[in-house]
Amino acid sequence: FRYLVKVVSAFLRFITFPDHMVLWVPFAVYKGLHIIRRNHMDTIYVSSPPHSTQLIGYLLKKITGKRLVIDFRDPIVGNVGNKSLNDPTDLISRIESRLIRAYERCIVNHADAVIVNTETHRSELSRRYGRGSHPNIVTVHNSYDPDDYKNARKITCDQYTIAHVGSVYGTRKADILFQALRILEQEFFPDALKIHVLFVGLNDGALEQSVKSYSVEKYVTIRKFIPHREAVSVMVSAHMLLLIKMIGPNSFGQIPGKFFEYLGAGRKILCLGPRESEVAGIIKKMDVGYNVDDDLDELVSILRSEYKAFLEGKNRQTTGRDVANYSAGQMAKRISDLF
């Protein structure tokens, strides 16, 4: 029975290639052909994931001969979330890894233009397929919508508030921050530490366990998902916004989407993650906050400085340099320039 389960599992993995939504492909192609012919369209634009949309675009191009623009919001090969394919250890995973690489090669080589959302991914694709053979590989980052912040409700925080809006799971850990809180607590004793760390989103049980293990419950609040308008209010009201990077292979080029919303909020950003990551480079270049790798002393120094400024009533917020370049309008313009 165990071997039967393995066979069935392997079979399901291959019939759902490139993803579990592949069964919608023939219906989407049929509808796409109808839309293209009715509206006399000359360009096919597909965004992924799901990666089955790329297959739809490829088939529509083969049938109609129209121009194809592929937009990778996530990589196919080297996706930080696909550990089994990045480092396959069994026969099925090795076969699937080769298939996904062949699939990417087919999609990229048949596209007239390829859009990616990080410079790291653009460099990887250019290296794999060559600048000369495919010059139209361009970076269009994720973005923030300025309209989201125009009427955002700003709440006055009596404590120095560090907010994380999004999910904490997997290799994303906030342990070093909790250690820093304990050190600051001792430094400012007997005065009570007026710091509040707020986590909003789908956070796994490991986060709550970590809070308890470092005994920082009095400083930390964990909330479930909230409406986007309320999340924007949290971001513009906080003194600092926390970004926790995933670590491990293929993680350096991954930029969480919330980073761009953080830029729109105009608050300093504290990124916990590798200095070599692409997002760390953007933070340094734009002067919008700090990036701390695995250096507890550095983190304590940053928090001490920011907290003292808060106690003295100093406004140390920042709008950074060239933040508007990451607005939705600017990114949309970059896409329109391809047409």
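The values are calculated or read from the model by the stated rules, or taken from the named source; none is laboratory data. Note that the coordinates shown come from a computational prediction; the quantities given were computed from them, not determined experimentally. For neighbour counting, all protein chains shown are included, and Cβ atoms are generated from backbone atoms with ideal geometry for every residue, glycine included. Side chains included, ligands, DNA and RNA excluded: accessible areas come from the protein's heavy atoms. Shrake-Rupley method; radii C 1.70, N 1.55, O 1.52, S 1.80 Å.
Among the residues of segment 180-197, those that are surrounded by fewer than 20 Cβ atoms within 10 Å (Cβ to Cβ) and not in a loop (DSSP other than H, G, I, E, B) comprise ARG182, ILE183, LEU184, GLU185, GLN186, GLU187, PHE188, HIS196. For segment 304-313, the condition of being open to solvent by less than 30 Å² (accessible area, probe 1.4 Å), assigned to a helix (DSSP H, G or I), out of contact with any Cys (no Cβ under 6 Å at 6 or more places or on another chain) and modelled with pLDDT under 90 holds for none of the residues.
Within the group TYR149, TYR160, TYR103, which residue is of a type in the set (Phe, Trp, Tyr) and open to solvent by less than 20 Å² (accessible area, probe 1.4 Å)? Please lay out each step first, then the result.
Values: TYR149 fails: open to solvent by less than 20 Å² (accessible area, probe 1.4 Å); TYR103 fails: open to solvent by less than 20 Å² (accessible area, probe 1.4 Å).
Exactly one residue qualifies, and that residue is TYR160.
Scanning segment 16-52 for residues that are within 18 Å of ILE335 (Cα to Cα) and either outside any loop (DSSP other than H, G, I, E, B) or touching a residue at least 60 places away in the same chain (Cβ under 8 Å) (or both) yields a total of 6.
Looking at segment 255-298 only, could you name the residues that are within 21 Å of ALA231 (Cβ to Cβ) and in a loop (DSSP other than H, G, I, E, B)?
Residues of segment 255-298 that are within 21 Å of ALA231 (Cβ to Cβ), as a first pass: 255-272, 279, 283, 288-289.
Answer for segment 255-298, where residues must be within 21 Å of ALA231 (Cβ to Cβ) and in a loop (DSSP other than H, G, I, E, B): ILE255, PRO256, GLY257, GLY266, ARG267, VAL288.
Suppose we filter segment 219-234 for residues that are surrounded by fewer than 13 Cβ atoms within 10 Å (Cβ to Cβ) and more than 15 Å from SER167 (Cβ to Cβ); how many remain? Residues meeting the conditions: 2.
Only one entry in ILE269, ILE255, ILE283, ILE247 is touching a helix residue (DSSP H, G or I) at 6+ places or on another chain (Cβ under 7 Å) and either aromatic (Phe, Trp, Tyr) or more than 22 Å from GLN159 (Cα to Cα) (or both), namely ILE255.
Filter segment 198-218 for residues that are charged (D, E, K, R) and not in a loop (DSSP other than H, G, I, E, B); which is surrounded by the most Cβ atoms within 10 Å (Cβ to Cβ)?
Our first condition is that a residue be charged (D, E, K, R); within segment 198-218, this holds for 204, 208, 212, 217-218.
Still in the running and not in a loop (DSSP other than H, G, I, E, B): 208, 212.
Details: GLU208: 15, LYS212: 12.
Ranking the qualifying residues of segment 198-218, first place goes to GLU208.
Return a yes/no flag: does segment 285-296 have any residue that is open to solvent by 10 Å² or more (accessible area, probe 1.4 Å), within 28 Å of PHE188 (Cα to Cα), small (Gly, Ala, Ser) and modelled with pLDDT of 95 or more. Scanning segment 285-296 turns up no residue that is open to solvent by 10 Å² or more (accessible area, probe 1.4 Å), within 28 Å of PHE188 (Cα to Cα), small (Gly, Ala, Ser) and modelled with pLDDT of 95 or more. Scanning segment 22-49 for residues that are within 24 Å of the chain's Cα centre (by Cα) and surrounded by 18 or more Cβ atoms within 10 Å (Cβ to Cβ) yields VAL46, SER48. Looking only at segment 163-174, residues that are farther than 20 Å from VAL234 by Cβ and open to solvent by 50 Å² or more (accessible area, probe 1.4 Å) come to 2 in all.
Might you check whether a residue that is under 16 Å from ASN142 (Cβ atoms) and under 24 Å from the mean Cα position of the chain (by Cα) occurs anywhere in segment 298-306?
Initial filter on segment 298-306 (under 16 Å from ASN142 (Cβ atoms)): none.
No, segment 298-306 has no match at all.
The single condition among (1) touching a Leu at 6+ places or on another chain (Cβ under 9 Å); (2) closer than 22 Å to ILE302 by Cα; (3) touching a residue at least 24 places away in the same chain (Cβ under 8 Å); (4) not basic (Lys, Arg) that TYR290 does not meet is (3).
Matching residues to (1) modelled with pLDDT of 85 or more; (2) polar (S, T, N, Q); (3) in contact with a Cys (Cβ under 6 Å, 6 or more places away or on another chain); (4) surrounded by 18 or more Cβ atoms within 10 Å (Cβ to Cβ):
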{"position": "LYS66", "(1), (2), (3), (4)": "yes, no, no, no"}
{"position": "GLY78", "(1), (2), (3), (4)": "no, no, no, yes"}
{"position": "ARG127", "(1), (2), (3), (4)": "yes, no, no, no"}
{"position": "TYR144", "(1), (2), (3), (4)": "yes, no, no, yes"}
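When you go through SER52, SER93 one by one, which is the residue that is modelled with pLDDT of 90 or more, over 27 Å from ASP337 (Cβ atoms) and surrounded by 14 or more Cβ atoms within 10 Å (Cβ to Cβ)? Show your work before the answer.
Details: SER93 fails: modelled with pLDDT of 90 or more.
It is SER52.
For GLY273, are the conditions met, namely being touching a residue at least 40 places away in the same chain (Cβ under 8 Å) and within 22 Å of LYS173 (Cα to Cα)? The answer is no for GLY273.
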